[in-house]
Amino acid sequence: MKLTPVAAPDHEEVLRVEDPSVGLVGFIAIHSTALGPAAGGLRMRPYASEAEAIEDVLRLSRGMTFKNAAAGLPLGGGKAVIIGNPAVEKPTGLLEIFGLAIQTLTGRYWTAEDMGMTPDDMALVAHGTRFVAGRVDGAYASGDPSPVTARGIFNAIRVTARHRFGSADLEGRRVAVQGVGHVGLHLCALLSDAGADLIVADSDAAAAEAAKAAFGAEVVAPEAILAAEADILAPCAVGAVLNETTIPRLRVSAVAGGANNQLASAADGKRLQMRGILYAPDFVANAGGIINVATEILKVRDRDRFVAKGLAAAEETLDRIFTRAAEAGVSPNEVAEEIVAHRIAEKAA
């Protein structure tokens, strides 16, 4: 295994991880440990290049700093990525070796399950490091975070609906869900139970058809979901889907979803505001997963109480963000980033 530092001026540390014996190339990024050890998931994707993987891990790790701070957790922001197709490219030893790379950071970074990973994968990573959460067994095991992530997004959608439409009731509301993987499918179940009408899309056609069979969802092509006519758009796939090209095409009144880094740039928050589309900052809306994982990292004994309290606090934070944004005439994302910056500054003082 070879570890090589990668220059990233706004990050504390970034490492390139390579081991040709198992075809491993990946990256670990620590954005900030100002509030505590950096925490953020490990994802595996068939990135087109190392440059694309680096861009993703840097954006994701910064997002985790914001997410953990917004949730009031004593954790900083970090992330890890492995280049490869998770369906076919997990040779024996790859995840264990990546765990050894994490171990070299001696607790400055904790990993957990993210896109392309499962709780079983986390058990393999744990062979190389003790700084891993999201496992299915152990004294403080938190398991698959997807259901809790989905619950937090569902709560955020209801808060968003109340501010945008005057009622949190989702009966008869049309919700377009982009991505129906682990989190998206759980979210669809909650939305369906609440009486929402679903429009879904996924790059995996079978996943979209499963949502159709289970919830009567309308299926559209992946390239059409962002232009679908609905009340609320819930991005639950990759990031940067809200940008200067896609925002003019949106036919929704609000956006609240689970994908990380939904805005391609800070200017896109203002673009949504100018179009009258209410945006729930993703690092607040999708905090449920890290709240769940934090119970394992922080060795919380009463997990259910901790998670319930954390989800309620996230709802209150989002409600406060929307109220302050409306009063100040600014985008919710701007207010959310101000709240995070204030919490980090308070810790540093």
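Would you call Val200 under 30 Å from Ser61 (Cα atoms), among the β-branched types (Val, Ile, Thr) and out of contact with any Phe, Trp or Tyr (no Cβ under 6 Å at 6 or more places or on another chain)? Yes, satisfied.
Applying the criterion of being aliphatic (A, V, I, L, M), surrounded by fewer than 22 Cβ atoms within 10 Å (Cβ to Cβ) and in the same structural domain as His186 (by TED's automatic domain parsing) to the residues of the range 273-301, the residue that is farthest from Pro145 (Cα to Cα) is Met274. Annotation note: of Ala38, Ala53, Ala123, Ala133, the sole residue that is free of Cβ contacts under 8 Å to residues at least 24 places away in the same chain and either of a type in the set (A, V, I, L, M, F, W, C) or in contact with a Lys or Arg (Cβ under 7 Å, 6 or more places away or on another chain) (or both) is Ala123.
Taking the listed residues Met115, Met122, the one that is crowded, with 18+ Cβ neighbours inside 10 Å, within 20 Å of the chain's Cα centre (by Cα) and over 19 Å from Ile297 (Cβ atoms) is Met115, with no other qualifying. Of the residues Gly310, Gly276, Gly269, the single one that is more than 25 Å from Met115 (Cα to Cα) and at pLDDT 95 or above is Gly276.
This table checks each residue for (1) of a type in the set (Phe, Trp, Tyr); (2) out of contact with any Cys (no Cβ under 8 Å at 6 or more places or on another chain); (3) surrounded by 15 or more Cβ atoms within 10 Å (Cβ to Cβ).
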position	(1), (2), (3)
Gly138	no, yes, no
Ala141	no, yes, yes
Arg151	no, yes, yes
Gly181	no, no, yes
Leu226	no, yes, yes
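Residue-by-condition table, conditions (1) more than 18 Å from Val57 (Cα to Cα); (2) out of contact with any strand residue (DSSP E or B) (no Cβ under 9 Å at 6 or more places or on another chain):
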| residue | (1), (2) |
| --- | --- |
| Leu73 | yes, no |
| Pro91 | yes, no |
| Ile97 | yes, no |
| Ala101 | no, no |
| Thr106 | yes, yes |
| Tyr109 | no, no |
| Gly116 | no, no |
| Asp120 | yes, yes |
| Phe131 | yes, no |
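If you go through the range 22-34 one residue at a time, do you hit one that is under 17 Å from the mean Cα position of the chain (by Cα), crowded, with 19+ Cβ neighbours inside 10 Å and not in a strand (DSSP E or B)? The answer is no, given that none of the residues of the range 22-34 is under 17 Å from the mean Cα position of the chain (by Cα), crowded, with 19+ Cβ neighbours inside 10 Å and not in a strand (DSSP E or B). Checking each residue in the range 165-190 for being out of contact with any helix residue (DSSP H, G or I) (no Cβ under 7 Å at 6 or more places or on another chain) and closer than 15 Å to Ala206 by Cβ picks out Gly179, Gly184.
Name the single residue that is farthest from the chain's Cα centre (by Cα) among those in the range 302-323 being farther than 22 Å from Ala161 by Cβ and either without any contact (Cβ under 8 Å) to a residue 40 or more places away in the chain or in the same structural domain as Leu242 (by TED's automatic domain parsing) (or both). Among them, the one singled out is Asp302. Here Ile344 clears all of (1) modelled with pLDDT of 95 or more; (2) of a type in the set (A, V, I, L, M, F, W, C); (3) within 17 Å of Gly72 (Cα to Cα) except the condition numbered (1).
Between Leu170, Leu191, which is in the same structural domain as Arg320 (by TED's automatic domain parsing), of a type outside the set (Asp, Glu) and assigned to a loop (DSSP other than H, G, I, E, B)?
Checking each option against the conditions leaves just Leu170.
Which residue out of Ala336, Ala326 is in a helix (DSSP H, G or I), assigned by TED's automatic domain parsing to the domain that holds Val175 and loosely packed, with under 14 Cβ neighbours inside 10 Å?
Ala326
Filter the range 41-50 down to the residues that are part of a loop (DSSP other than H, G, I, E, B) and in contact (Cβ under 8 Å) with a residue 12 or more places away in the chain, then identify the one that is farthest from Leu95 (Cα to Cα).
Keep residues of the range 41-50 that are part of a loop (DSSP other than H, G, I, E, B), which gives 41, 46-49.
Now drop any that are not in contact (Cβ under 8 Å) with a residue 12 or more places away in the chain, which leaves 41, 46-47.
Working: Gly41: 13, Pro46: 16, Tyr47: 17 Å.
Step by step, filter the range 41-50, then rank; the result is Tyr47.
Might you let me know whether the range 92-100 holds any residue that is among the charged types (D, E, K, R) and touching a residue at least 60 places away in the same chain (Cβ under 8 Å)? No, there is no match, as no residue in the range 92-100 is among the charged types (D, E, K, R) and touching a residue at least 60 places away in the same chain (Cβ under 8 Å).
Only residues that are outside any loop (DSSP other than H, G, I, E, B) and either under 17 Å from Ile83 (Cα atoms) or among the aliphatic types (A, V, I, L, M) (or both): list them for the range 108-148, please.
Scanning the range 108-148 gives Thr111, Glu113, Asp121, Met122, Ala123, Leu124, Val125, Val132, Val148.
The values are calculated or read from the model by the stated rules, or taken from the named source; none is laboratory data. Predicted model only: the values in this text are computed from it and were never measured. Note: ideal-geometry Cβ built from the backbone for every residue, glycine included; neighbour counts use all protein chains shown.
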